[in-house]
Amino acid sequence: MAISVLLCDGQSLATMGLRFVLEREPDIEVVGEADQGYAAVEAAHSLRPTIVVVDIDAPRLGGIEVTRELADANSASPSRVVVLATRYDEERVAEALHAGALAFLLKDDPLDQFVYAVRMVAAGAAVLTGPATGRMLRKLATSPSIIPRGSPDLVSVLTQRELEVLRLVALGHSTPHIAALLSVSEATVRSHVHHLLQKLDLDNRSQAVALAFKSGLGQPGDGDRR
């Protein structure tokens, strides 16, 4: 099944470029476009795409607000969001991840990196642009804005398997790769992620990754192989 993508960018040339890049890929289909934030939210609820690519500076309703609306785990059909920006800013990265984005990329990143991010987010993994990767996640781990106060101790709340799934999520593994590593189905992995988010009272994977780093789970082990 093709990865369906909705594009939201206030610049028509940028949207045309993104569509051209994605539609060259046999497993990706652009199902819609929106030139401003409110239209993107409406289109996402109607089309239910796998991925919504959002310009952080989208007109009328900015990319952070669009992300928060679409990635809400309590909505009927939450979307996976890739945020694009013209410049790197740690505060904006933190805001995007806190809102529920699974990827933050710069518009001048290589095109193959953008396509890679779409595929990885579709598979359930998180992707950050080069400058953000390690430094940003560690900063998020100490940020009170992304992790709710009073978050419980991981070991006392999660099962051993849920801890392992969380560690692999924090290390950037996709849902299919986690399933292969643990010899379980992808549905089982998604179920574990859903349950651990509920137990930890977290809204999205970004918060879970930040908490994992804060708790020391986001460190590669001897058995980790990408």
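Assorted remarks:
- Any hit, segment 78-92, residues being farther than 22 Å from Gly10 by Cβ and either under 12 Å from the mean Cα position of the chain (by Cα) or free of Cβ contacts under 8 Å to residues at least 12 places away in the same chain (or both): yes
- Out of Thr67, Thr50, sole residue that is modelled with pLDDT of 90 or more, surrounded by 15 or more Cβ atoms within 10 Å (Cβ to Cβ) and under 15 Å from Asn204 (Cβ atoms): Thr67
- Scope segment 96-113; condition within 22 Å of Gly17 (Cβ to Cβ), buried (at least 22 other Cβ atoms within 10 Å of the Cβ) and either out of contact with any Lys or Arg (no Cβ under 6 Å at 6 or more places or on another chain) or not hydrophobic (A, V, I, L, M, F, W, C) (or both); matching residues: Ala96, Ala101, Ala103, Phe104, Leu105
- Contact annotation: residue pairs with Cβ atoms under 6 Å, 6 or more positions apart or on different chains, pairing a residue in segment 109-120 that is assigned by TED's automatic domain parsing to the domain that holds Val82 with a partner that is assigned to a helix (DSSP H, G or I) and modelled with pLDDT of 90 or more, are Leu111/Val21.
- On the stretch given as segment 10-40, residues that are touching a Leu at 6+ places or on another chain (Cβ under 7 Å), touching a residue at least 60 places away in the same chain (Cβ under 8 Å) and not in a strand (DSSP E or B) total 2.
- Candidate set: segment 148-195, residues that are part of a loop (DSSP other than H, G, I, E, B) and surrounded by 15 or more Cβ atoms within 10 Å (Cβ to Cβ); chosen: the one modelled with the lowest pLDDT: Ser151
The values are calculated or read from the model by the stated rules, or taken from the named source; none is laboratory data. Keep in mind that what you see is a predicted model, and the values were worked out from it rather than measured. As a convention, Cβ positions derive from the backbone with ideal geometry for all residues, glycine included, and neighbour counts pool all protein chains shown.
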